[in-house]
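Computed from the coordinates by the stated procedures, all read-outs in this text should not be read as laboratory data. Values in this document were obtained by computation on a predicted structure and should not be read as measured data. Here the Cβ positions follow ideal geometry from the backbone for every residue, glycine too, while neighbour counts run over all protein chains shown.
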Amino acid sequence: MNGEGTSSVPDANSEKSQNKPSLPGRLWKWIDRRTGADKVLRNSLDEPVPGGARFAYVFGSALLFIFLSQIVTGLCLALYYVPSPLNAHVSVAYIVKEVAAGSFLRSLHSYGSTAMLVVLLLHFLQTLLYGSYKGKRELLWIAGCALALLVLGMAFTGYFLSWDQSAYAAGGVGTDIVGEVPFIGNRLRLLLQGGAMLGALTLSRFYVLHVLIIPGLIFSGIAIHIFLFRKAGAAGPVTEDPVKPKLPTEAFYPKQVLIDMTFVLVVMGVLGMLAHFVPVMLGSEADPANTRFIPRPEWYFLPMFQWLKYWKGWSTVIGAFIIPVSLIGLVFLLPFMDRGLERRPWRRPIPVGGVLIVLVGLLWLGMASRLEDSRDAPVAAQLAEQDQQEHAYFYSAFKPYSAPSPSGGVASTSEDPTVAQGKGIFDSHGCSGCHGESGGGAIGPSLTHITTQYPPAQLTALLKAPRANMKAAGMVPLTLNAADMTALVSYLSSLGGTSAGSAAAPSGSSSTVPAQAEPDAKAEPSKLNGEAIFKAHKCDSCHGTNGVGGTAPRIAGQNSSYLANQLLRFRAGDRAPASEMTSIAKQLDGEQIRAVAAFLASQ
């Protein structure tokens, strides 16, 4: 009886332990009591879908998941990226060539950007064909269009950050298009570039836009878009009434969730395979003096690139601004122009046909651009050479950044804090984009020994108010306070090995015309020998007579040490383009290279 009685009486402690929630359950209840998360989640999953779940509704969820993937991969890349002209490219090269799975992460991020644009286009077409903007969904449509523009902005600013030759050229084309905006275009371009040339300020501004400002706006836009979608409700199939839905509904969970997740997994799987088997290339570092490079934008900006070829002179404003803005405005206003309740696309020929015509036109422009490049033999050869150089650089060994040597008048690291401050001002204002790294000269003149031509006071006046010919070449007035201007002049003085205080003014310094240095008789034989070498190798066929410029950049009158250093880099195969220039440089020894550089510097 004792055994029977014991077995028939329930164990209170055992029953209590069975009813006690698990640790995750208790934690969720604790969070729910303080946030109401359970109610929000149930309301989201129980969202009624008129007509039931459909594959056509997957694009919105896919866009959200791809964007989250972009945030994760972007944060991983940002751990290594340095947004400065000296380190941007080498930091990307380090990610690609040295960091474990770095190339995969960068490729996944790049392909994710393309996937966002493709899925965004599909989402736009589905919404248009289904007439999902009808029935008090005007604000929902406008929010979606604004998000589309932000996604394009993310793609444009992100492409520029690699600071290779393709990115630099594309950035220049993009900012030039911005400059075509009537009345305020030049101000907008200067605001984006941070000066007349692409440089340190351009890179830092694009970085802030790409990492902080545009993602913040996208997060806000997504929140507004989801709120408006919840307010208006799902539109349902094309046969549904947009104002008073009549079809039976089905909860968003589980069927639509499973369809969405399946599509997202397929997309992410494809992106992962592309990132692994077809990594995104990285070209050599941007070289502002390389005029042979032919810029071509990414495929999603290629139609606009081709479109602008048909507009010249004053009409560029029409092609680059008025027509695109008008078309974008019409897209934003579509719900207000198409006010009928009819949603079937074949019953709405004007809005559907108009959008399809624009899309076909964009497709045609992109194909026309590719076709023109393939038919133009010199352009096709140069583009093929650029692809080969990009491929060769991508698979070459990683080379860490090394600061330029102090030889040849290039400023060395100074213990003077004023000079260091001036170096920072020089870099931050994008001066290196024109005058070269450490003022050695590029598309603009060399600044080494500048204070032998202009004493500090005159140099300060020129920096504040450049002459007309300087402005025509792209020089902009510098609005600096007295301390910053003194620091910049001290740095420029150090490029010649002197300080601002000790820079002696040449005779006749009161004149506005800089004094010319007397020719060095000892250097004449070297210069004459350099001229013979220059002509013997037919350098004038590209660089013009005495290097004044032709199909290749002007190299006359630049600092001789800078020119010699560039030729040595060509000889070492460390400079693009690496074809004709490399083969010529490898035929010269060090003395011949210095002779050619001395000759060109004397012109």
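Close amide H pairs (under 5 Å, H built 1.01 Å from N) link Val49 with Glu250, Ala251, Phe252, residues at least 5 positions away or on another chain.
Out of the stretch 300-408, which chymotrypsin sites (Phe, Trp or Tyr not before Pro) are coil in DSSP terms and have no more than 16 other C-beta atoms within 10 Å?
Trp311, Tyr395, Phe398, Tyr401
Annotation for Met337 and Lys464: the two label points, set 7 Å from Cα along the Cα-Cβ direction, are 5.4 nm apart. If the label point is 7 Å along Cα→Cβ of Leu139, which residues in the stretch 210-245 have backbone nitrogen under 13 Å from it? Only 224-233 pass the distance filter. Remark on Leu247: its backbone amide H falls under 5 Å from those of Asp241, a criterion applied only to residues 5 or more positions apart or on other chains, H modelled at 1.01 Å from N.
Using 1/(1 + (r/R0)^6) with R0 = 35 angstrom and r between the beta carbons of Tyr80 and Ala536, what's the FRET efficiency to the nearest 0.05?
Given R0 = 35 Å and the Cβ-Cβ separation, E is 0.15.
Each of Leu149 and Arg187 was given a label point 7 Å from its Cα along the Cα-to-Cβ line. The distance between the two points is 1.8 nm.
Set the Förster radius R0 to 51 Å, insert the Cβ-Cβ distance between Arg344 and Lys309 as r into 1/(1 + (r/R0)^6), and round the FRET efficiency to 0.05. So, using R0 = 51 Å, E works out to roughly 0.85.
Restricting the GluC sites (Glu not before Pro) of the stretch 269-376 to loop positions (DSSP other than H, G, I, E, B) with no more than 13 neighbouring Cβ atoms within 10 Å leaves Glu342. Within the stretch 43-82, find all residues whose amide N lies under 14 Å from a label point positioned 7 Å from the Cα of Trp28 along Cα-to-beta-carbon. In the stretch 43-82, the label zone of Trp28 (backbone N under 14 Å from the point 7 Å along Cα→Cβ) covers 43, 45. Taken one residue at a time, the phi angles of the stretch 531-538 give Karplus couplings (6.51, -1.76, 1.60, θ = phi - 60°) of 5, 5, 5, 4, 6, 5, 8, 6 Hz. Gly and Pro are set to x.
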